[in-house]
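What follows is a single structure, written as structure tokens, with notes after it.
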Amino acid sequence: MMAPMAREENRATTSTRIRTPETPTPAQPAPRAWTTRLLIAGIVLTALNLRPAITSLGALLEEVRDALGMSGSIAGLLTSVPPLCFAVFGVTAPRLARRFGPGAVVCAGMVAITAGLLIRPYAGGTAGFLAASALTLMGIAVSNVLMPVIVKRWFPDRVGSMTGLYSMALALGTASAAAVTVPMTEALGGSWQTGLAVWGGLGAAAVLPWLPFVRDRGTAPGQDPHARVDAPRLRVTRSRTAWALAVYFGLQATGAYITMGWMAQIFRDSGVHAGTAGLLLAVTMVMGVPLAFVIPRLATRLPHQGPIVLVLGACGLAGYAGLYLAPAGGSWLWALLLGISNCSFPLALTMVGMRARTSAGVAQLSGFAQSTGYLISIPGPLLVGVLYQHSGGWGLPIALMAGLMIPQMAVGVLAGRDRTVEDEATR
């Protein structure tokens with residue numbers, strides 16, 4: 001996998017071709033090999049931890065609801081907590097990174113994920129469960145925002161490959177939690193608490209690679225750490241591309257968290273066994289493993305990412321139509337199509353890295369697009385829970401999911417245009 005990364009595409013967009021202040025020049029010492037390997041290990045392990053807290057809960061949602069006495073509306077609120085926390089805490093990530101360094105913030109994020117996962121199942125009651133979930137999601141939020149920043153800063157000439165590697169690991173962690181949580185819970189004695197808590201071990205492993213970077217204050221390997229100059233803040237809200245990217249990010253997040261929180265339940269209600277429903281969710285998530293590596297590399301070769309947006313959106317519409325018409329009969333095909341559609345996430349991350357010239361610009365754009373996007377996504381999972389409870393079926397919720405795909409495709413085409421937020425923000 002390392003060889004293709006070393007031969008990153010020469011036809012990358014302007015944002016990856018322009019030499020930034022953070023890019024090591026030929027006169028600067030090259031990054032040490034162990035540092036590069038440790039960073040790659042940290043990126044991969046971090047990505048593996050960014051979704052198991054959510055998909056493991058989705059696989060055991062019915063057991064958690066029964067144990068804690070949750071109604072459908074409260075369960076919908078629970079599935080809305082991730083984007084809420086991502087919006088609230090994600091906006092602080094660029095400021096924290098400027099003060100403490102991105103490595104230190106990500107390391108703290110992994111500690112928060114580990115602690116929250118271990119505490120959550122045993123917190124007692126719905127309020128404690130939500131509070132411990134918020135701690136975990138806080139760690140996920142800051143890491144979500146800073147991953148594109150770390151890729152842009154330390155791997156400025158390999159944005160597509162490193163974003164693909166990160167996205168692929170994220171999809172693998174998401175799929176693994178969806179697939180193995182139910183059988184692993186049964187193997188460990190059948191307690192949903194043990195089935196959720198065991199994922200804290202993966203979080204603990206992700207802390208270790210970031211420890212050497214805790215004292216780093218944001219300089220890339222090979223740079224003089226005393227030569228860092230803070231870039232002026234952009235007025236990102238003046239950029240139409242930034243707004244289009246934020247809305248695109250929000251709508252794809254809405255679909256993703258509805259899928260992660262409710263799709264297994266949709267299949268279970270149609271007569272599919274709980275273990276099979278978890279596997280179907282895993283199929284949806286695992287599609288991101290190969291595609292999350294291919295799509296970012298393809299996106300950086302194209303002057304306009306709109307065609308990719310449209311293909312992914314069409315797969316989503318077809319998947320929702322099948323889920324509405326024959327959820328059990330074509331379940332594996334619908335899971336496959338929705339898995340392809342969910343690859344809008346690595347595409348959005350890639351466009352964040354492409355729509356700004358410098359790592360400072362990427363940090364501001366990433367914070368704005370992800371925080372605003374997750375705010376937009378908050379009502380979706382909650383509304384699905386309410387519609388499901390009051391309509392007594394999945395017809396209206398699935399119609400809502402399909403309807404949101406149309407504006408997602410429209411703003412994605414706008415976000416995919418070949419331009420940078422620095423140019424638009426200074427006009």
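The values are calculated or read from the model by the stated rules, or taken from the named source; none is laboratory data. None of these values were measured; they are calculated from a predicted model. As a convention, Cβ positions derive from the backbone with ideal geometry for all residues, glycine included, and neighbour counts pool all protein chains shown. Ligands, DNA and RNA are stripped out before the accessible areas are found, and what is left, the full protein with its side chains, is counted by its heavy atoms. Shrake-Rupley method; radii C 1.70, N 1.55, O 1.52, S 1.80 Å.
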Could you tell me whether segment 97-115 includes any residue that is open to solvent by 10 Å² or more (accessible area, probe 1.4 Å) and within 28 Å of Leu279 (Cβ to Cβ)?
yes
Spot the failing condition for Pro183; the list is (1) at pLDDT 80 or above; (2) open to solvent by less than 10 Å² (accessible area, probe 1.4 Å), and only one is missed.
(2)
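Does segment 49-72 include one or more residues that are of a type in the set (Ser, Thr, Tyr) and modelled with pLDDT under 85? Let's see the steps before the verdict.
Within segment 49-72, the subset of a type in the set (Ser, Thr, Tyr) is 55-56, 71.
So of that shortlist, the ones also modelled with pLDDT under 85 come out as 55, 71.
Within segment 49-72 (the criterion being of a type in the set (Ser, Thr, Tyr) and modelled with pLDDT under 85), the answer is yes, since at least one residue qualifies.
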Residue check: is Met354 more than 30 Å from Ile150 (Cα to Cα) and either in contact (Cβ under 8 Å) with a residue 24 or more places away in the chain or surrounded by fewer than 24 Cβ atoms within 10 Å (Cβ to Cβ) (or both)?
no
Taking into account only those residues within segment 378-408 that are in contact with a Gly (Cβ under 8 Å, 6 or more places away or on another chain) and farther than 18 Å from Val247 by Cβ, which is most open to solvent (accessible area, probe 1.4 Å)?
Gln389
From the option list Ser377, Ser391, Ser344, single residue qualifying as without any contact (Cβ under 8 Å) to a residue 24 or more places away in the chain and within 29 Å of Ala318 (Cα to Cα) is Ser391
If I ask for residues that are at pLDDT below 90 and either open to solvent by less than 20 Å² (accessible area, probe 1.4 Å) or basic (Lys, Arg) (or both), which ones from segment 296-306 would you list?
Pro296, Arg297, Thr300, Arg301
Please determine whether any residue of segment 307-316 is open to solvent by less than 10 Å² (accessible area, probe 1.4 Å), closer than 25 Å to Ile406 by Cβ, over 22 Å from the mean Cα position of the chain (by Cα) and at pLDDT 85 or above.
no
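For segment 338-345, state whether one or more residues are among the aliphatic types (A, V, I, L, M), modelled with pLDDT of 90 or more and under 24 Å from Val289 (Cα atoms).
Step one: filter segment 338-345 for residues among the aliphatic types (A, V, I, L, M), giving 338, 340.
Those left that are additionally modelled with pLDDT of 90 or more: 338, 340.
Pick out the ones that are also under 24 Å from Val289 (Cα atoms) and you get 338, 340.
Yes, because at least one residue in segment 338-345 is among the aliphatic types (A, V, I, L, M), modelled with pLDDT of 90 or more and under 24 Å from Val289 (Cα atoms).
Do the conditions hold for Gly139, that is, is it at pLDDT 80 or above, in contact with an Asp or Glu (Cβ under 7 Å, 6 or more places away or on another chain) and not hydrophobic (A, V, I, L, M, F, W, C)?
Details: at pLDDT 80 or above: yes; in contact with an Asp or Glu (Cβ under 7 Å, 6 or more places away or on another chain): no; not hydrophobic (A, V, I, L, M, F, W, C): yes.
In short, no.
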Among the residues of segment 270-295, the number that are surrounded by fewer than 22 Cβ atoms within 10 Å (Cβ to Cβ) and within 16 Å of the chain's Cα centre (by Cα) is 3
